[in-house]
Amino acid sequence: MLRFIVRRLLQALIALFVLSVLLFAWLRSLPGGVVSALLGERGTPESAAKLRAQLGLDDPIPVQYWRFLERAVQGDFGVSNGVYRGQPALDVFTQRFPATIELSFFAILIALTFAIPLGYFAARRRGGVLDTGSVVFSLVGVAVPVFFLAYVLKYLFAVRWGLLPPSGRQTVGINATHITNFYVLDALMTREWDAAWDALKHLVLPALALSSIPFAVVFRITRAAVIDVMDEDYVRTARAKGLTARTIRGRHIMRNALIPVVTIVGLQIGALLAGAVLTEKVFAFQGIGQALAIGFELRDYPVLQVLIMMAALIYIVVNLLVDIAYAVIDPRVRL
Amino acid sequence: MTTQASTTAYPSGAGGGEPLLSVRDLTVTFGRGGRAFTAVDHVSFDVQPGQTVGLVGESGCGKSVTSLAIMQLLPSRGNTVSGTVSFAGEDLLSLSDAQMRDRRGRDLAMIFQDPLSSLNPVVPLGTQVAEVLQRHKGMKNAPAQKRAAELLDKVGIPDPTRRLKEYPHQLSGGMRQRALIAMALACEPRLLIADEPTTALDVTIQAQILALLKELVQDSGTALIMITHDLGVVAGLCDEVNVLYGGRIVERAGRHDLFARPRHPYTGGLLASIPRLTEERGRRLTPVPGSVADNIPWDHGCAFAPRCASEIGVCRERTPELVPDRPELGADRLLRCHNPLESNPLDDAPTTEESGA
Ligand SMILES: Nc1ncnc2c1ncn2[C@@H]1O[C@H](COP(=O)(O)OP(=O)(O)OP(=O)(O)O)[C@@H](O)[C@H]1O
Ligand SMILES: [Mg+2]
């Protein structure tokens with residue numbers, strides 16, 4: 001187990017290194033570039049040259065990359081030259097990242113809570129109303145673009161009916177202490193119940209929008225897995241033992257049916273981060289998605305680099321966790 | 001409807017006393033209307049307490065469906081079951097799901113053909129044994145695990161306490177079947193149904209498992225229904241044998257009587273196909289020429305007629321009934337044949353033997 005984790009982390013390190021090279025080269029090959037983005041219309045050739053020298057952009061790209069790498073291993077990812085001008089790029093990440101994690105976590109939570117039981121009952125009553133209804137619903141769930149769903153939810157629940165806040169992570173001016181920047185967690189830790197409730201209300205709509213695809217995918221996988229597992233000989237053995245419906249469901253059907261579900265949740269993490277970028281934009285939710293979008297507009301290389309690298313790291317770590325979870329529920333898997 | 005006669009013809013209480021299990025006119029039909037298929041057709045037999053009864057026949061003759069119908073483990077939809085299955089005086093077919101659940105695993109238990117797929121791959125062995133005890137004996141987990149180790153020991157699994165935490169894939173095929181036997185016998189059921197328990201195992205392991213089963217049912221007085229396509233398995237184990245063909249019983253006799261004087265040509269073919277030491281190993285045995293695909297429907301005569309060497313004209317005209325056979329050939333024999341064998345085919349000189357050619 002430990003050897004497996006160490007090996008995977010080493011692989012991750014290599015992957016991150018390769019990614020950093022590609023990313024560095026790719027960002028600098030984008031048309032436009034930081035100077036014209038920063039100076040805009042007012043730029044004169046002289047001021048542009050001055051800025052380029054200041055940012056070290058005149059050096060050859062390999063030299064620039066080496067400089068970046070040297071600092072990066074010391075935890076210095078440079079300073080933002082976009083809207084967060086002057087802030088260390090890493091700070092932009094640490095301040096905004098909890099928002100994205102919080103959003104993704106709630107989205108996955110919503111998806112799993114509804115999709116797994118629904119998948120089970122749909123499979124048990126295959127061809128029934130509930131089954132047919134949820135299959136159609138889940139098809140719609142995958143087909144509707146996330147940002148469209150986000151706009152619809154926002155329009156209905158926030159703008160039209162005013163039930164939930166339309167944007168942001170927290171009502172401006174509310175009394176809230178920030179420790180970890182996970183707002184719900186912070187409020188619970190400081191027992192600021194109003195702030196917790198407020199943060200939760202801000203999360204509902206974006207998390208709901210973001211959960212649509214994982215919900216649909218998990219539902220379909222659960223349903224298919226339960227249908228398969230129900231026909232297995234060991235379920236017949238369990239019935240031959242006279243076990244209660246509850247034991248058969250929990251221990252003999254679900255424990256086996258969840259194995260493919262865990263895999264699919266791991267694979268969904270990438271799609272989730274991508275979906276978060278879109279959702280955050282619609283709901284002005286201050287996460288990395290929003291920072292990425294602005295970063296691209298202003299060619300804020302340091303911020304973009306840190307955000308993309310970190311997103312990749314998270315992806316790797318989550319998949320490692322999924323593999324470990326896999327080994328925990330399936331004893332046949334050896335790590 | 002001609003088969004209804006089987007009920008009246010059936011001698012009840014062969015050994016005297018109340019049978020533990022009494023199956024009467026058990027009929028299982030899959031599908032309905034024109035596509036309906038009767039897999040088990042008015043099957044009747046008794047099992048006395050502690051007795052071992054064989055259910056023998058080729059693949060597809062309805063052995064598993066019969067046993068699943070008794071256990072009520074058939075799929076909940078797509079089939080119709082009729083007849084009666086009385087177990088210790090109760091008609092199992094009229095019990096509710098919950099009542100049946102209380103009896104399965106406690107009063108009647110079952111083991112299956114493929115030990116690997118019959119065990120849950122992600123649940124430790126100890127839990128899979130202990131859960132029966134927890135369910136039916138109200139035991140807590142710790143004592144149930146302890147008892148599970150004793151049970152594993154009893155079925156011949158070495159180092160049982162360590163095995164409790166292991167998973168099915170860590171055991172050999174024979175060990176897995178032993179574990180399944182331990183689960184089935186955990187609550188000392190009065191009836192055990194074994195559906196081809198050795199088919200998926202090596203020949204040497206087969207013998208061990210059969211010996212184990214024999215020992216266990218004898219020690220505990222458990223009645224056993226032994227399902228097999230191999231009369232060789234029956235020879236060492238069963239008191240009484242029912243031969244099934246095309247969903248119907250075609251012959252029933254005590255073991256010795258059956259082996260001494262098979263009467264149905266199908267039984268004769270099965271007997272002739274038991275591997276003998278003089279033959280090479282691993283030969284795929286064809287009990288009788290042809291296959292079940294050649295069957296004609298029972299309504300039109302004898303389903304076996306197209307494959308039968310003793311066929312006479314009437315065989316395709318009139319459905320044979322299951323009726324008492326000549327008493328001097330054995331007590332309580334039943335036979336469904338228009339032209340039964342008059343001598344044991346194995347008594348012939350080997351040179352004239354033509355089975356399976
Ligand atoms: N769920 C089902 N739906 C439709 N037909 C079925 C079903 N289960 C069994 N049958 C049919 O019933 C017949 C008897 O099947 P059964 O499984 O009892 O055979 P068997 O004697 O146990 O054979 P084997 O030696 O292969 O296990 C077969 O023709 C089979 O195709
Ligand atoms: Mg079978």
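The values are calculated or read from the model by the stated rules, or taken from the named source; none is laboratory data. The model shown is predicted, which means the values in this text are computed figures rather than measured ones. Neighbour counts run over all protein chains shown; Cβ positions are idealised from the backbone, glycine included.
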Exercise. Test B:S6 against the criterion of being outside any strand (DSSP E or B), modelled with pLDDT under 95, within 14 Å of another protein chain (Cβ to nearest Cβ) and more than 16 Å from ligand 2 (Cβ to nearest atom), and give yes or no.
Key: no
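Residue by residue, here is whether (1) out of contact with any His (no Cβ under 6 Å at 6 or more places or on another chain); (2) among the charged types (D, E, K, R); (3) modelled with pLDDT under 90 holds:
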position: B:T278; (1), (2), (3): yes, no, yes
position: B:R283; (1), (2), (3): yes, yes, yes
position: B:W298; (1), (2), (3): yes, no, no
position: B:S343; (1), (2), (3): yes, no, yes
Exercise. Name, by its number, the condition in (1) modelled with pLDDT of 95 or more; (2) within 11 Å of chain A (Cβ to nearest Cβ) that does not hold for B:Q170.
Key: (1)
Quiz prompt | Residues of region B:101-131 satisfying the condition of being surrounded by fewer than 24 Cβ atoms within 10 Å (Cβ to Cβ), within 16 Å of ligand 2 (Cβ to nearest atom) and at the interface with chain A (Cβ under 7 Å from one of its Cβ atoms) | solution = B:D114, B:S117
Quiz item: Given (1) away from chain A (no Cβ under 13 Å); (2) away from ligand 1 (no atom under 16 Å from the Cβ), where does B:G54 come up short, assuming only one miss?
Solution: (2)
Quiz item: Within region B:67-81, can you find the residues that are in contact (Cβ under 8 Å) with a residue 24 or more places away in the chain and either in a loop (DSSP other than H, G, I, E, B) or at the interface with chain A (Cβ under 7 Å from one of its Cβ atoms) (or both)?
Solution: B:M71, B:Q72, B:L73, B:L74, B:G78
Quiz item: So which helices (runs of 4 or more DSSP H) are wholly in region A:179-248 and hold at least 1 residues that are of a type in the set (S, T, Y) and more than 14 Å from chain B (Cβ to nearest Cβ)?
Solution: A:183-189, A:193-230
Practice problem: Please verify whether region B:165-180 includes one or more residues that are within 16 Å of ligand 1 (Cβ to nearest atom), touching a Gly at 6+ places or on another chain (Cβ under 7 Å) and outside any helix (DSSP H, G or I). | Solution: no
Quiz prompt | Selected residue (criterion: nearest to ligand 2 (Cβ to nearest atom)) from residues of region B:194-219 that are surrounded by 18 or more Cβ atoms within 10 Å (Cβ to Cβ) and β-branched (V, I, T) | solution = B:T198
Quiz item: In region B:298-342, what count of residues is obtained for those that are surrounded by fewer than 17 Cβ atoms within 10 Å (Cβ to Cβ) and without any contact (Cβ under 8 Å) to a residue 12 or more places away in the chain?
Solution: 5
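The rows are residues; the columns are (1) assigned to a strand (DSSP E or B); (2) farther than 30 Å from A:I259 by Cβ.
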position	(1), (2)
B:G83	yes, yes
B:S86	yes, yes
B:D102	no, yes
B:M110	yes, no
B:D114	no, no
B:S118	no, no
B:Q128	no, no
B:V132	no, no
B:M139	no, no
Quiz item: Can you tell me which residue in region B:27-51 is surrounded by the most Cβ atoms within 10 Å (Cβ to Cβ), limited to those that are within 9 Å of ligand 1 (Cβ to nearest atom) and of a type in the set (A, V, I, L, M)?
Solution: B:V40
Quiz prompt | Hits in region B:132-157 (condition: within 12 Å of chain A (Cβ to nearest Cβ) and surrounded by 17 or more Cβ atoms within 10 Å (Cβ to Cβ)) | solution = B:V132, B:L133, B:Q134, B:R135, B:H136
Quiz prompt | Pairs where the first residue, in region B:195-221, is within 14 Å of chain A (Cβ to nearest Cβ) and the second is within 16 Å of ligand 2 (Cβ to nearest atom) and aromatic (F, W, Y), C-beta under 6 Å, 6+ apart | solution = B:D195/B:F112
Exercise. Consider A:L258 carefully, then state whether it is at pLDDT below 95 and more than 14 Å from every other protein chain (Cβ to nearest Cβ).
Key: no
Quiz item: Which of the residues that make up region A:278-315 are under 14 Å from the mean Cα position of the chain (by Cα) and outside any helix (DSSP H, G or I)?
Solution: A:F285, A:Q286, A:G287
Practice problem: Tell me which residues, restricted to region A:289-335, are touching an Asp or Glu at 6+ places or on another chain (Cβ under 8 Å) and crowded, with 22+ Cβ neighbours inside 10 Å. | Solution: A:G289
Exercise. Test B:T66 against the stated conditions and say whether it is away from ligand 2 (no atom under 16 Å from the Cβ) and among the hydroxyl-bearing types (S, T, Y).
Key: no
Self-check item: Residue check, A:R220 among the basic types (K, R) and either touching a Phe, Trp or Tyr at 6+ places or on another chain (Cβ under 8 Å) or closer than 30 Å to B:A98 by Cα (or both)
Solution: no
Quiz item: For B:L95, all conditions in the list (1) surrounded by fewer than 18 Cβ atoms within 10 Å (Cβ to Cβ); (2) at the interface with chain A (Cβ under 9 Å from one of its Cβ atoms) hold save one; what is the number of the exception?
Solution: (2)
Self-check item: Members of region B:53-67 that are of a type in the set (S, T, Y) and touching a strand residue (DSSP E or B) at 6+ places or on another chain (Cβ under 6 Å)
Solution: B:S64, B:T66, B:S67
Practice problem: Just give me the residues in region A:191-232 being within 30 Å of B:S117 (Cα to Cα) and not aliphatic (A, V, I, L, M), in sequence order. | Solution: A:F219, A:R220, A:T222, A:R223, A:D228, A:D231, A:E232
Quiz prompt | region B:64-80, subset at pLDDT below 95 and within 21 Å of B:D299 (Cα to Cα), residue surrounded by the most Cβ atoms within 10 Å (Cβ to Cβ) | solution = B:N79
Quiz item: Hey, does region B:105-114 have a residue that's under 12 Å from the mean Cα position of the chain (by Cα), within 11 Å of ligand 1 (Cβ to nearest atom) and within 19 Å of A:R236 (Cβ to Cβ)?
Solution: yes
